Amino acid sequence: MNQDSVIVRGACPHDCPDTCALLTTVDNGRAVRVQGNPDHRHTGGVLCTKVSRYAERTHHPERVLHPLRRTGPKGSGQFERISWEAALEEIARRLGAIAERDPEAIVPYSYAGTMGQVQGEGMAARFFHRLGASLLDRTICASAGGEALMQTLGGKMGMKVEHFAEARLIVIWGSNSIGSNLHFWKLAQQAKRDGARLVCIDPRRTETADKCHEHIALRPGTDAALALALMHELVVNDWLDHDYIARHTLGWDALRERALKWPPERAAAVCDVPVQQIRDLAQAYGTTRPAAIRLNYGMQRVRGGGNAARAIACLPALVGAWRHRAGGLLLSSSGQFPVQKQALHRPDLLAGKTPRTINMSTIGDALLSDASPTFGPRIEAVVVYNSNPVAVAPESGKVVRGFAREDLFTVVLEHFLTDTADHADIVLPATTQLEHWDVHASYGHTDVLLNRPAIAPLGQSRTNTEIFRQLARRMGFDDPCFAEDDLTLCRTAFGDTIDFQQLLDTGWVTLPVPEAPFADGGFPTPSGRCEFHSARLAAQGLDPLPDYLPNAEPAATHPAYPLAMISPPARNFLNSSFVNVQSLRDIEGQPVLEMHADDAAPRGLRSGQMVRVFNDRGEYRCVVDISTRARPGVVNGLGIWWRKLGPAGTNVNEVTSQRLTDLGRAPTFYDCHVQVAAAEATG
Ligand SMILES: Nc1nc2c(c(=O)[nH]1)N[C@H]1C(S)=C(S)[C@@H](COP(=O)(O)OP(=O)(O)OC[C@H]3O[C@@H](n4cnc5c(=O)[nH]c(N)nc54)[C@H](O)[C@@H]3O)O[C@H]1N2
Ligand SMILES: Nc1nc2c(c(=O)[nH]1)N[C@H]1C(S)=C(S)[C@@H](COP(=O)(O)OP(=O)(O)OC[C@H]3O[C@@H](n4cnc5c(=O)[nH]c(N)nc54)[C@H](O)[C@@H]3O)O[C@H]1N2
Ligand code: SF4
Ligand SMILES: [Mo]
């Protein structure tokens, strides 16, 4: 370490449950190393491979460091450098002209490129509220499962992650923890060493499944059938906690009746797994204390994903697992953070207006929609930040056509020329986590983390907040909230609910949440109970009880696309982030489709061969890997590659659909049918 070296404390900004505490070593104004903070107990000094390359990503030679204006056709990636003055003037003028006609023709598009409360929606929400722009329904990841938890448990909350280490049975359900929840995996391994049994429920034989005692490789989208069969066995063997059920649940008689329609044989046929596996899991779950379920979002990206998450969320109450702090379930802890949304996002700036809402998961259709009484005005402008919709949103064919509209004015705040930025009229250079302040909640633990800037903004990059402050000024928005600086926003995010001085001093604050949140009931539902039966769902005309809803695809009526496709994350990318980091792309190699030998043989495919993966919506190319990681009838298309870095300029979302889930209006990425055939190895 040289004399001018300093170490700066920060937080990982990425969309990952672990929200690690970072230590960045800065040498003469340059970030040279990013490491995990050993003093933060959830991080334990360990980062994933991706973020340990964060310095490489930050100082990447292709960082966008100046405002750019498009010179070529949309999507061509041809730009000229312009000044901030020119960029902001043009954006304010064009958005202003549209807003004068109808501000709802302007749509913000953002997700979790950074999960920071400040660089996320901190200043952006204020800006769009004051403008009266369309609202965005941020559904692309978690809203089916989130809605399921809300309806069943009353909120996005559950076990404290640290207590998994004490569990005797851990069911890892729809989660490749080694790839996407590394710090939970460390706890699961600790439990395993202490004698706990680990069961993985996943259609793909992931690296996590490899290391569990049991892997239940069910068909995608059949989790609710499995959960109902588990309930069946709990009933017929009387592995129930009758006292807990009587005191803390609602609707057991009705749920019991439904569960009794699901003998293990029926579920085994639906899930295509051995019936004994279901019986064994039921016995283990019914007789082991404490039993913990780590549910993750991988199982809710199908038509019936909301019902499936609801069915699973009922299980811990049936066996009284919540009584023990190492029993119960964790999908997300985000609902436990007291984020001061009114103060931070200032919905009052809407001044009584209720703009229409655009669902981000159907942005393709939305961009191609004409004005109509139901849809509202045609979309004339999109401002994208913290997201890469052209790569990550379903049915890319339509998303690309939408963003390619010559009459659409698109502004993208980015670090890189992503597939989305290539479609921008104006690209604005944004700072990375190493260059700005922020404050973070987590969806995997219950600490608030502070992120301090480690280095000055590179080139002419500016923070998202500063960009929206400047735009507000140019649009004549004079509310004093548009002058607040980032440290003020950091304080506002949690207000008086946490000790901000402690956050400044140590870098994190642990929320005072209960050790076992539902040990004595107290569910934050309308009834105060775990709601097997939901009156709120009934009032919406929906089934008040969880049920199994089959996937929409593949349908027997559509024999042309017989393979089910799921597209879970690649371990060394984070959604579409890091795909352009060479050292990580080298590890991933090429876009891969895993296929079982039984499916490869009739198609005459060999490992390493270039294939076409296609359906009515589109086609993409990748390399086939004939592998036992895939189960028969299901192919796994890994990771969200940048289209322009994949073969033929396409990625996996060419074939996914814009169909939405049963609850939460979420996408159904893993409810997708395809056909696969050999392709010539060009393109
Ligand atoms: N390395 C890495 N980490 C990540 C991400 C990443 O892209 N890369 N993404 C981050 C994001 S945005 C999120 S939302 C989180 C969580 O993201 P998730 O989408 O939950 O990702 P995974 O933990 O990989 O778990 C998904 C697992 O669910 C499995 N699965 C697919 N369909 C089904 C099904 O129908 N039933 C069941 N039981 N399993 C199914 C997949 O095979 C996969 O192994 O991870 C975050 N962490
Ligand atoms: N087929 C398929 N599609 C999927 C999924 C899947 O499993 N399969 N997963 C889905 C899920 S779970 C999710 S969460 C979505 C994720 O989709 P997105 O939230 O769009 O995530 P990323 O692809 O990581 O893109 C984030 C972008 O934000 C930028 N960014 C990061 N920090 C900042 C910042 O401070 N300022 C600005 N201006 N930009 C920043 C990054 O450079 C990056 O390009 O994708 C979904 N799409
Ligand atoms: S992506 Fe997740 S595991 Fe990796 S450093 Fe960030 S929070 Fe930690
Ligand atoms: Mo996500």
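Quick note: the coordinates plus some simple rules give every number you see, no bench work behind them. All figures in this text were calculated on a predicted structure; none of them were measured in a lab. Cβ coordinates were reconstructed from backbone atoms using ideal geometry, including for glycine residues, and neighbour counts include every protein chain displayed.
Brief remarks on what is shown
- ALA556-ASP280 pseudo-label distance in nm [points 7 Å out on the Cα-to-Cβ vector]: 3.0 nm
- Relative contact order of the stretch 144-331, defined on C-alpha pairs under 8 angstrom at six or more residues apart (%): 34 percent
- Taking the stretch 141-219 and dividing mean pair separation by its residue count, relative contact order in percent (alpha carbons under 8 Å, at least six apart): 25 percent
- Additional length obtainable on full extension of the chain from ALA86 to GLN340, 0.36 nm per residue less Cα span: 87.9 nm
- Normalised by 2.2 N^0.38 Å, where N is the number of residues, the C-alpha radius of gyration of the stretch 1-144 stands at 1.34.
- You can think of it this way: the chain between ASP272 and SER76 has 66.0 nm of extra reach, that is 0.36 nm per residue less the Cα-Cα gap.
- Additional length obtainable on full extension of the chain from GLU406 to ALA678, 0.36 nm per residue less Cα span: 94.4 nm
- Only helices enter the 222 nm calculation for the chain: every DSSP H run of n ≥ 4 contributes -39,500 (n - 2.57), and dividing by all residues gives -8000 deg cm²/dmol, rounded to 500.
- With contacts taken as Cα pairs under 8 Å at a separation of at least 6 residues, the chain carries a relative contact order of 21 percent.
- Compared with the dominant principal axis of the Cα atoms in the chain, helix 223-236 is inclined by about 30°.
- Distance between modelled label sites at ASP194 and ASP496, nm, 7 Å Cα→Cβ extension: 3.9 nm
- The charge dipole of the stretch 1-46, taken about the Cα centre with unit charges on the Cβ atoms of Lys, Arg (+1) and Asp, Glu (-1), comes to about 60 debye, rounded to the nearest 20.
- Beta bridges per DSSP with both ends in the chain, % antiparallel, nearest 5: 50 percent
- Part-to-part distance (alpha-carbon centres) for the stretch 261-330 and the stretch 549-604, which is given in Å: 26 Å
- Per-peptide average of other Cβ atoms within 10 Å, ordering 628-634, 350-356, 307-313 highest first: 307-313, 628-634, 350-356
- Unpartnered cysteines - no second Cys beta carbon under 4.7 Å - across the chain: CYS16, CYS48, CYS141, CYS271, CYS314, CYS481, CYS490, CYS530, CYS622, CYS672
- Per-residue 3J(HN,Hα) values for the stretch 477-493, derived from phi via the Karplus relation 6.51 cos²θ - 1.76 cosθ + 1.60 with θ = phi - 60°, read 7, 10, 4, x, 4, 7, 9, 5, 8, 5, 5, 5, 5, 4, 5, 5, 3 Hz in sequence order (x marks Gly and Pro).
- Subset of LYS160/LYS353; LYS156/LYS341; LYS211/LYS644; LYS160/LYS211; LYS156/LYS186 violating a 28 Å alpha-carbon distance limit: LYS160/LYS353; LYS211/LYS644
- Projected label points at GLN590 and THR628, each 7 Å from Cα along the beta carbon direction, are separated by 2.5 nanometres.
- Here the chain is treated with +1 on each Lys and Arg Cβ and -1 on each Asp and Glu Cβ, and its dipole about the Cα centre works out to around 480 debye.
- Overall form of the stretch 6-58 per C-alpha gyration tensor (a/c, 1.5; a/b vs b/c): oblate
- FRET efficiency for the pair ALA371 and ASP243, taken as 1/(1 + (r/R0)^6) with r the Cβ-Cβ distance and R0 = 60 Å, rounds to 0.55.
- Each peptide in 110-118, 364-372, 295-303, 213-221 gets a packing score, the mean of other Cβ atoms within 10 Å over its residues, and the list from highest to lowest is 295-303, 110-118, 213-221, 364-372.
- Degrees separating the helix 84-101 axis from the principal Cα axis of the chain, which is the longest one: 70 degrees
- Acute angle (nearest 10 degrees) that the helix 182-193 long axis makes with the longest principal axis of the chain, alpha-carbon atoms: 20 degrees
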